[in-house]
Amino acid sequence: MTGDSFVITWQGNCVLIDGGMPNTYGEIQRKLQGNHLKALFVTHVDYDHIGGVINLIKQPSVDITNCTFFMNNPELASNYNDTKVRYEHGDTLQKMLQQRGKYFLPITKSTAPIEIEGLKIIPILPTQELCQQLCDNWDLSRVWDELKGSYDYLKSQKNNGDIINKASVCLIIEYQQRKVLFLGDSHADDVKEALSELKEFKFDLVKLSHHGSKHNTSSGLLEIVDCNDYIISTNSGKYEHPDPETVRLLSNRAKQSGCEFNIYLNYPIEELIRQRYKEKYREEIENLNFILQLDVEL
């Protein structure tokens, strides 16, 4: 699939970051078994990040009693009629959760770190400015329907500057001296600025933004990040992620560091990655070790 979904488990507890496409729910359910769901984060309203969350919320058998839900703009958090990314993918998610007596809390860069049973979660994005841009674009895309007595959405929605992705929630997860960086579909310049302000650069694992898209990773970001292990989540289907340009940035950075980077994949796409890279650059990939592995233990 094209989506993101990560279950972090520790000492019988778990946290879910995004839910992937709807059919991802089966795998999420298996990961939740035997663990207490403590928190769920929706990084942004792309269908390929919240489809599984919808199915989870709809399942009364899933215990969410002690789970806290977070989202960048809960008040914007519709009906999921297709797989196109639309603002209307946000409005009924909150309503569905409220039917179970829960609600999404807002989470931005200014939100205080969240501590759960020894696990520390530090939000580094989005900024309030990015959230405001998202709200402004959202409002431009919806109109009041007098007959329905509710908001409806323009077929040609406003999405200036890829703001849905830019406003992604980005998290640093810390546990027993280990740090993991989850980047949602955020933009590299925003991440670089946030990390520089925090002076946080060293990580044990980084989930690359937007499935390895060339538009979301930069040489500048990789130069400040001190990490040898990365995750790219995609089946390399419809959008053919990761882009060769991103793979080249990783390869070059590994060479500069005098080491190899481990690139964890959740689908068997190494051959496709190498093929597309060779077609573009007429050479083989160097200093990258691709690993097909769904579970990464730190």
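Miscellaneous remarks
- The number of residues in segment 7-26 being out of contact with any helix residue (DSSP H, G or I) (no Cβ under 8 Å at 6 or more places or on another chain) and either surrounded by fewer than 17 Cβ atoms within 10 Å (Cβ to Cβ) or closer than 12 Å to I50 by Cα (or both) comes to 4.
- Subset of segment 27-38 [assigned to a loop (DSSP other than H, G, I, E, B) and either crowded, with 18+ Cβ neighbours inside 10 Å or modelled with pLDDT of 95 or more (or both)]: N35
- Remark: pairs (first residue in segment 280-298, surrounded by fewer than 14 Cβ atoms within 10 Å (Cβ to Cβ); second residue among the hydrophobic types (A, V, I, L, M, F, W, C); Cβ separation under 6 Å; 6+ apart in sequence or on different chains) = L292/L265.
- Within segment 169-181, restricting attention to residues that are more than 13 Å from T108 (Cα to Cα) and of a type outside the set (D, E, K, R), the residue that is surrounded by the most Cβ atoms within 10 Å (Cβ to Cβ) is L181.
- For H44, the requirement of being modelled with pLDDT under 90 and assigned to a loop (DSSP other than H, G, I, E, B) is met.
- Considering segment 122-178, and only residues there that are of a type in the set (K, R) and either at positive phi or assigned to a loop (DSSP other than H, G, I, E, B) (or both), the residue that is modelled with the lowest pLDDT turns out to be K158.
- Given (1) part of a loop (DSSP other than H, G, I, E, B); (2) modelled with pLDDT under 95; (3) hydroxyl-bearing (S, T, Y), number of the condition T24 does not satisfy: (1)
- Within segment 273-284, none of the residues are in a loop (DSSP other than H, G, I, E, B) and closer than 26 Å to G19 by Cα.
- In segment 104-119, residue nearest to Q94 (Cα to Cα) [restricted to those that are assigned to a strand (DSSP E or B) and modelled with pLDDT of 95 or more]: I114
- Exactly one residue out of S236, S196, S251 is within 14 Å of F290 (Cβ to Cβ), polar (S, T, N, Q) and not in a loop (DSSP other than H, G, I, E, B), and it is S251.
- Restricting attention to segment 258-272 and to residues that are in contact with a strand residue (DSSP E or B) (Cβ under 6 Å, 6 or more places away or on another chain) and assigned to a loop (DSSP other than H, G, I, E, B), the residue that is farthest from K31 (Cα to Cα) turns out to be E260.
Each row is one residue, and each column tells you yes or no for (1) closer than 25 Å to C135 by Cα; (2) buried (at least 18 other Cβ atoms within 10 Å of the Cβ); (3) under 17 Å from the mean Cα position of the chain (by Cα).
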| site | (1), (2), (3) |
| --- | --- |
| A167 | yes, yes, yes |
| K192 | yes, no, yes |
| S196 | no, no, no |
| L205 | no, yes, yes |
| K214 | no, no, yes |
| Y239 | no, no, yes |
| P242 | no, yes, yes |
| E260 | no, no, no |
| Y264 | no, yes, yes |
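The values are calculated or read from the model by the stated rules, or taken from the named source; none is laboratory data. None of the values given here were measured: they were computed from a predicted structure. Heads up, the Cβs are rebuilt from the backbone with ideal geometry, glycines too, and the neighbour counts pull from every protein chain shown.
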